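Below is one structure, written out as structure tokens; the observations come after it.
The values are calculated or read from the model by the stated rules, or taken from the named source; none is laboratory data. Values in this document were obtained by computation on a predicted structure and should not be read as measured data. Note that we place each Cβ from the backbone using ideal geometry, even for glycine, and neighbour counts take in every protein chain shown.
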Amino acid sequence: MFKLTVDSVDLEFNGRKILQDIYLECSTGEVVGLLGRNGCGKSSLLRIIFGTLTPVHKYLSINKQVLDKGYYKNRVAYLPQHNYLPKGIRVSGLAKMLVASEYWHEFSNLDIYLDHQHKKTEQLSGGELQQLGMLMILYNRADFVLLDEPFTHVTPIQADYFKGIIKTVSKHKGIIVTDHQYRNIIDVSDRLIVIANGCTKPVTSPDDLVTYNYLSGNN
Amino acid sequence: MVLANNNQCFYLLLIVNVKYLKRLSILSLQFYKLLFWYNVAFTIVALIVLQFGAIPINAVSFAIAKLAGYLIAVGLHYYNSKNHYFYFRNTGYSMRWIFIGALFTDILVYSIIALICLN
């Protein structure tokens, strides 16, 4: 079992403190839901863990082995908010680079892959791209997966399908997921954390979401 | 016994490195494909600029034009399609290695073209 630890993250933009007292743990076998208001630094925190955003200070480790960037040697995979699959390359060519060999049989038998494997990414619709992009990240060889708004612009049926796959894949991986569709996050997560005033707060009851000003109390 | 273990370690390392390099070369080719038309266009522009500057086109000036064309192509691609870098990073490689791999491919392609032209 692996444990990802993020601690003492300090992030500023133009002198404004965004993140200042962050502590987050995620073990393989669990889904951690990350909630917070717009601009509170959820996506920034995921990008800091992945290694594409450099904060003033951070501590990042897997099983106490310090990492500089999460993506090095495929320890952490990250699904960004917008399409990340390059144009002009066939879906099969991209999938072979991203999907782990142990998941290849399962992935290559998915309907969406069978239907589109010979197409180039520009021949796919936005929804198909999002679905394929997300599946390639979930079936990646990384031990930890960060999902940034996976349920945005997704139909309820697709959201349910994604939640099923997240739960299945999380048996072997640690997953940190954030989205504004908090009901989907609550459904899929084993544990919830809210970012409020730049700090991470564990959520132990639904009332905590009101206490930390994430929900208004009328929901 | 120790020697046998050393040999096993050596072959294991070799297999790991061959796999690493094979994946890196595929990713470099994919990145090179994305840059290709930018690269060709800016290399031609750089050669034209050199000629207007009355600099004779030889191996050195061509290499400078080639490098400038490649760097401008990478810069423009970065400006337009930065989000695609997440794909390459999600494979576990840093962009620095992808850039180097694509530059190596570029040098190889232009060397082959130069050799064909010279013959």
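Number of residues in the stretch B:71-89 that are within 15 Å of B:Ile26 (Cα to Cα) and either away from every other protein chain (no Cβ under 11 Å) or out of contact with any helix residue (DSSP H, G or I) (no Cβ under 6 Å at 6 or more places or on another chain) (or both): the value is 2.
Can you name every residue in the stretch A:2-17 that is at positive phi and without any contact (Cβ under 8 Å) to a residue 40 or more places away in the chain?
The first filter runs over the stretch A:2-17 and keeps only residues at positive phi, leaving A:8, A:14-15.
If the condition is that a residue be at positive phi and without any contact (Cβ under 8 Å) to a residue 40 or more places away in the chain, then A:Asn14, A:Gly15 are the ones that fit.
Inside the stretch A:33-88, residues that are farther than 20 Å from B:Arg96 by Cα, among the hydroxyl-bearing types (Ser, Thr, Tyr) and either in a loop (DSSP other than H, G, I, E, B) or within 14 Å of chain B (Cβ to nearest Cβ) (or both) make up a count of 1. For the stretch A:197-219, the candidate set comprises residues that are under 15 Å from A:Gly41 (Cβ atoms) and at pLDDT 90 or above; within that set, the residue that is surrounded by the fewest Cβ atoms within 10 Å (Cβ to Cβ) is A:Cys199. Any residue at all in the stretch A:98-112 that's facing another protein chain (nearest Cβ under 10 Å) and either of a type in the set (A, V, I, L, M, F, W, C) or assigned to a strand (DSSP E or B) (or both)? Yes, because at least one residue in the stretch A:98-112 is facing another protein chain (nearest Cβ under 10 Å) and either of a type in the set (A, V, I, L, M, F, W, C) or assigned to a strand (DSSP E or B) (or both). Would you point out the residue of the stretch B:49-66, among those that are within 21 Å of B:Leu115 (Cα to Cα), of a type in the set (A, V, I, L, M) and in a helix (DSSP H, G or I), that is nearest to the other protein chains (Cβ to nearest Cβ)? Applying the filter and picking the extreme gives B:Ala65. Condition check for A:Phe144 on (1) touching a strand residue (DSSP E or B) at 6+ places or on another chain (Cβ under 7 Å); (2) surrounded by fewer than 20 Cβ atoms within 10 Å (Cβ to Cβ): one failure, at (2).
Inspect the stretch A:139-151 for any residue being under 18 Å from the mean Cα position of the chain (by Cα), at positive phi and either touching a residue at least 40 places away in the same chain (Cβ under 8 Å) or not in a loop (DSSP other than H, G, I, E, B) (or both) and give the result as yes or no. Break it down stepwise before answering.
The first filter runs over the stretch A:139-151 and keeps only residues under 18 Å from the mean Cα position of the chain (by Cα), leaving A:139-151.
Now drop any that are not at positive phi, which leaves A:149.
Narrowing further to those that are either touching a residue at least 40 places away in the same chain (Cβ under 8 Å) or not in a loop (DSSP other than H, G, I, E, B) (or both): A:149.
Checked the stretch A:139-151: at least one residue is under 18 Å from the mean Cα position of the chain (by Cα), at positive phi and either touching a residue at least 40 places away in the same chain (Cβ under 8 Å) or not in a loop (DSSP other than H, G, I, E, B) (or both).
In the stretch B:1-19, the count of residues that are in contact (Cβ under 8 Å) with a residue 40 or more places away in the chain and either in a loop (DSSP other than H, G, I, E, B) or buried (at least 16 other Cβ atoms within 10 Å of the Cβ) (or both) is zero.
Evaluated against (1) modelled with pLDDT of 85 or more; (2) away from every other protein chain (no Cβ under 14 Å); (3) surrounded by 15 or more Cβ atoms within 10 Å (Cβ to Cβ), B:Phe104 falls short on exactly one condition, (3). Taking the numbered list (1) in contact with a Lys or Arg (Cβ under 8 Å, 6 or more places away or on another chain); (2) in a helix (DSSP H, G or I); (3) crowded, with 20+ Cβ neighbours inside 10 Å in turn, A:Glu122 passes all entries but (3).
Which residue, of A:Ile18, A:Ile49, A:Ile22, is surrounded by 20 or more Cβ atoms within 10 Å (Cβ to Cβ) and more than 14 Å from the chain's Cα centre (by Cα)? Explain how you work it out, then say what you get.
Working: A:Ile18 fails: surrounded by 20 or more Cβ atoms within 10 Å (Cβ to Cβ); A:Ile49 fails: more than 14 Å from the chain's Cα centre (by Cα).
After ruling out the rest, the residue left standing is A:Ile22.
Selection of the stretch B:90-101 for residues being within 14 Å of chain A (Cβ to nearest Cβ) and on the phi < 0 side of the Ramachandran plot yields B:Asn90, B:Thr91, B:Tyr93, B:Ser94, B:Met95, B:Arg96, B:Trp97, B:Ile98, B:Gly101.
To keep it simple, each residue is scored yes or no on (1) of a type outside the set (S, T, N, Q); (2) within 25 Å of B:Trp97 (Cβ to Cβ).
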position	(1), (2)
A:Lys69	yes, yes
A:His116	yes, no
A:Ser125	no, no
A:Leu129	yes, no
A:Arg141	yes, yes
A:Lys171	yes, no
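With respect to B:Tyr20, is the statement that it is over 15 Å from the mean Cα position of the chain (by Cα), aromatic (Phe, Trp, Tyr) and modelled with pLDDT under 80 true? First the steps, then the outcome.
Numbers: over 15 Å from the mean Cα position of the chain (by Cα): yes; aromatic (Phe, Trp, Tyr): yes; modelled with pLDDT under 80: no.
The answer is no for B:Tyr20.
Suppose the filter is exposed (fewer than 15 other Cβ atoms within 10 Å of the Cβ) and either closer than 19 Å to A:Leu19 by Cα or in contact with an Asp or Glu (Cβ under 7 Å, 6 or more places away or on another chain) (or both); does A:Ser61 pass it? Criteria met by A:Ser61.
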